Amino acid sequence: MAIVGIMLCSPAYSQTPTLRAERELFAAVNQARRAYGLSPLRWDESLATAARRHAKVMAERGSAQHGFEGEPSLSARVKQAGAHFSWLSENVIQGPSPEFIHVQFMKSPPHRANILDRDMDSIGIGVVEQRGQLFAVEDLSQAR
């Protein structure tokens with residue numbers, strides 16, 4: 001867990017607005033989990049790589065969707081990024097700020113269920129900014 005803190009607090013990390021948004025969403029997810037008596041999720045850089053790649057595609061297409069024609073499936077995207085998992089879920093959205101994004105996820109029963117899934121133990125988050133909108137992807141997994 002200490003390694004995650006060091007990685008997320010490095011000066012280069014905190015200077016990038018989209019990476020700062022990823023860090024804020026990561027903190028918000030774990031705060032919500034703790035509020036429900038659940039263990040915090042570990043940051044997984046492979047999941048984050050897959051999430052960032054998909055967030056980039058969403059921003060290019062101007063739409064928050066789980067998949068686009070010609071794009072690999074969630075499972076394939078995560079495997080290509082090097083993640084190993086036995087269970088996987090994904091939240092996608094676009095919005096003006098990390099705070100707005102997290103509130104919307106928590107208001108949505110399926111997204112909230114992904115965040116509060118007690119079987120999940122890892123997360124990677126990708127955020128891409130396009131014309132004032134943040135395109136965010138949270139890839140959650142039960143690591144294998």
Checklist entry - Percent of accessible area on the stretch 102-144 owned by carbon and sulfur, 1.4 Å probe? => result 48
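Compute the accessible area per residue over the chain, keeping the other protein chains in place, probe 1.4 Å, unit Å². Could you put the intermediate results ahead of the total?
On the way: 7300 Å² over 144 residues.
Each residue of the chain exposes 51 Å² on average to a 1.4 Å probe.
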Checklist entry - Is it possible to state the helix-based mean residue ellipticity at 222 nm for the chain, with each DSSP H run of 4+ residues giving -39500 (n - 2.57), the sum divided by total residues, to the nearest 500 deg cm²/dmol? What is it? => result -15000 deg cm²/dmol
Item to check | Radius of gyration, Dmax [the chain; alpha carbons; angstrom] | outcome: 13.9, 40
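Counting pairs of alpha carbon atoms under 8 Å apart in space and at least six apart in sequence, what relative contact order in percent does the chain give?
On the way: 240 pairs, mean separation 49.3, N = 144.
Averaging sequence separation for qualifying contacts and normalising by length gives 34 percent for the chain.
The values are calculated or read from the model by the stated rules, or taken from the named source; none is laboratory data. Values in this document were obtained by computation on a predicted structure and should not be read as measured data. Ligands, DNA and RNA are excluded from the accessible area calculation, which covers all protein heavy atoms including side chains. Shrake-Rupley method; radii C 1.70, N 1.55, O 1.52, S 1.80 Å.
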